[in-house]
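None of the figures in this text is laboratory data; all of them are computed from the coordinates on show. As the structure is a prediction and not an experimental result, all values here were calculated from the model. Backbone-built Cβ (ideal geometry, glycine too); neighbour counts: all protein chains shown.
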Ligand code: SF4
């Protein structure tokens with residue numbers, strides 16, 4: 001919606017208004033009455049205050065959340081232009097130019113990907129930990145990059161520290177190993193992301209030296225929020241432990257008043273916050289050099305959707321430091337726990353952000369500077385968005401955007417399988433699902449046969465949640481992408497380009513430089529008819 005009617009009733013915070021015809025300016029009911037039993041944002045905030053800034057706390061750990069605001073420009077404002085004649089990247093032969101023959105492999109920062117996707121970053125937030133096996137094995141089977149997010153060691157109750165540096169973290173070790181169990185080293189890899197807290201704990205050196213991690217990602221931010229990572233803690237002991245480890249925990253668990261309020265049930269959880277970085281150009285260049293000296297084979301950067309000048313500065317610094325690739329995360333995407341007003345009202349939406357990043361890439365290229373590969377994140381769930389984001393970035397010399405990073409959608413795929421398995425075990429599957437696909441989870445997945453063929457007996461070691469993720473990423477998105485590309489007669493991923501897109505409105509055209517449908521190929525149009 002383009003007005004403010006969502007402000008006072010949001011499914012993310014489980015708030016609603018008494019009437020539907022709310023004020024488009026405030027979101028309040030046009031007549032607000034004393035005898036109203038509903039909890040709108042204002043009403044719930046009167047009881048729970050800061051808690052209402054966040055997606056429903058009772059869903060924490062088993063949910064993800066994103067923005068619901070219509071930013072007025074997203075990938076639906078572009079259409080993909082299909083082609084009638086010829087074929088690129090394959091012989092012009094109808095027997096060969098078939099969509100299953102489209103090559104959708106990509107390569108980012110020298111890492112080959114079977115499909116142009118990275119998953120992550122999944123850090124210390126409980127929803128990542130709760131679903132790890134499905135995420136890790138599913139990503140490994142799909143031949144993509146999996147990013148382990150920030151604060152994993154700092155949150156690990158079993159982690160050991162010597163002089164403030166981590167020397168043992170069973171959680172991080174488990175996460176890396178789980179991915180590697182089914183990893184084909186020819187495709188994808190596992191990355192460990194490090195924020196300010198992780199750098200203080202020496203997570204980078206631990207990951208490189210003890211866990212033989214190849215990719216270290218520095219974390220500057222995310223599209224869903226412009227403050228550090230946050231999680232919810234439900235016990236006083238855990239809140240105290242993390243405060244002792246140096247995190248900002250709100251409210252202060254050492255405060256006697258807070259302790260009493262918690263015991264009395266007035267406060268039911270604590271927030272653990274991370275610090276934000278203060279990046280400086282020289283420091284970052286030296287930091288990247290230092291990481292390489294420590295043994296990092298790839299050094300990458302993950303940043304959020306900051307203001308235009310910060311985007312330009314980030315690209316300049318990343319070029320100077322020669323990072324292997326950067327992930328930009330646009331507003332509109334999601335997270336395990338970010339303030340809802342921040343997700344809706346702050347930072348640059350994905351299409352605008354990509355337009356800015358591409359401008360930087362072109363300027364750097366023109367100057368003969370190093371241009372790092374780009375991965376884009378921020379609300380991607382399917383192949384149409386992936387096609388458009390990659391095609392938009394190809395001005396004729398191959399795409400700058402080499403992969404799309406997804407977080408919420410893979411988690412949804414994994415959680416769906418998990419929940420339906422639970423429903424099957426308790427005989428509570430939705431009847432239409434049971435009628436269509438049966439009640440035996442081993443018979444639900446269209447890819448299980450191919451995975452059995454590929455893995456033999458090892459297929460029994462794969463959690464079905466991972467099969468679900470693989471099916472979603474490879475069978476659905478991968479096939480869908482091949483179909484779209486074949487429709488454009490482009491049979492290799494690096495051939496899709498800006499001429500495959502047309503804008504559906506003036507704003508989309510102005511922001512990206514992609515002509516509207518009525519303006520596209522006008523010269524050619526006239527030439528063809530000049531016979
Ligand atoms: S408290 Fe007022 S604004 Fe909120 S839902 Fe009730 S009537 Fe509407």
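Overview of values
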{"read-out": "Exposure proxy ranking, count of Cβ atoms within 10 Å, fewest first, for 528, 144, 404, 381", "value": "528, 381, 404, 144"}
{"read-out": "Cα→Cβ-extended label distance, 7 Å offset, between residue 273 and residue 435, nm", "value": "5.2"}
{"read-out": "Segment 1-147 - percent relative contact order, Cα under 8 Å, separation 6 or more", "value": "17"}
{"read-out": "For segment 191-234 and segment 487-520, distance of Cα centres in Å", "value": "36"}
{"read-out": "Segment 85-197 - share of DSSP beta bridges that are antiparallel (%, nearest 5)", "value": "45"}
{"read-out": "Relative intensity, log₁₀ I(q)/I(0), of segment 165-235 from a Debye sum that treats every alpha carbon as a point, q = 0.21 Å⁻¹", "value": "-1.01"}
{"read-out": "The chain: C-alpha gyration tensor shape, a/c 1.5 cut-off, then a/b vs b/c", "value": "rounded"}
{"read-out": "Segment 261-404: relative contact order in percent, alpha carbon pairs under 8 Å with at least 6 residues between", "value": "21"}
{"read-out": "Within segment 138-252, percent of DSSP bridges classed antiparallel, to nearest 5", "value": "35"}
{"read-out": "Estimated 222 nm signal from helices in the chain, with DSSP H stretches of n ≥ 4 weighted -39500 (n - 2.57), rounded to 500", "value": "-10500 deg cm²/dmol"}
{"read-out": "Base-10 log of normalised Debye intensity for segment 19-151 (one unit scatterer per alpha-carbon) at q = 0.21 Å⁻¹", "value": "-1.29"}
{"read-out": "Separation between Cα centres of segment 64-100 and segment 20-45, rounded to whole Å", "value": "42"}
{"read-out": "Longest to shortest principal axis, alpha-carbon extents of segment 451-499, angstrom", "value": "45, 18, 15"}
{"read-out": "Angle between the chain longest axis and helix 132-142 axis [Cα atoms, degrees, rounded to 10]", "value": "10"}
{"read-out": "Pair-distance profile P(r), taking every C-alpha pair of segment 243-300, with 5 angstrom steps and integer %", "value": "4, 15, 16, 11, 10, 10, 8, 8, 9, 7, 1"}
{"read-out": "166, 511 arranged by Cβ crowding within 10 Å, fewest neighbours leading", "value": "511, 166"}
{"read-out": "D (Stokes-Einstein, µm²/s), Kirkwood Cα radius, segment 152-309, 1.306 mPa s at 10 °C", "value": "92"}
{"read-out": "Angle in degrees between helix 383-392 and the longest Cα principal axis of the chain, rounded to the nearest 10", "value": "70"}
{"read-out": "Alpha-carbon centroid distance for the pair segment 362-434 / segment 122-166, whole angstrom", "value": "19"}
{"read-out": "Helix 350-366 vs. the chain, principal-axis angle (Cα, 0 to 90°, nearest 10)", "value": "60"}
{"read-out": "Taking 200, 58 and counting other C-beta atoms within 10 Å, the order from fewest to most", "value": "58, 200"}
{"read-out": "Radius, Kirkwood style, for segment 113-154 when every pair of distinct Cα atoms is counted (Å)", "value": "10.5"}
{"read-out": "Relative contact order (percent, whole number), segment 142-271, Cα cutoff 8 Å, 6+ residue spacing", "value": "22"}
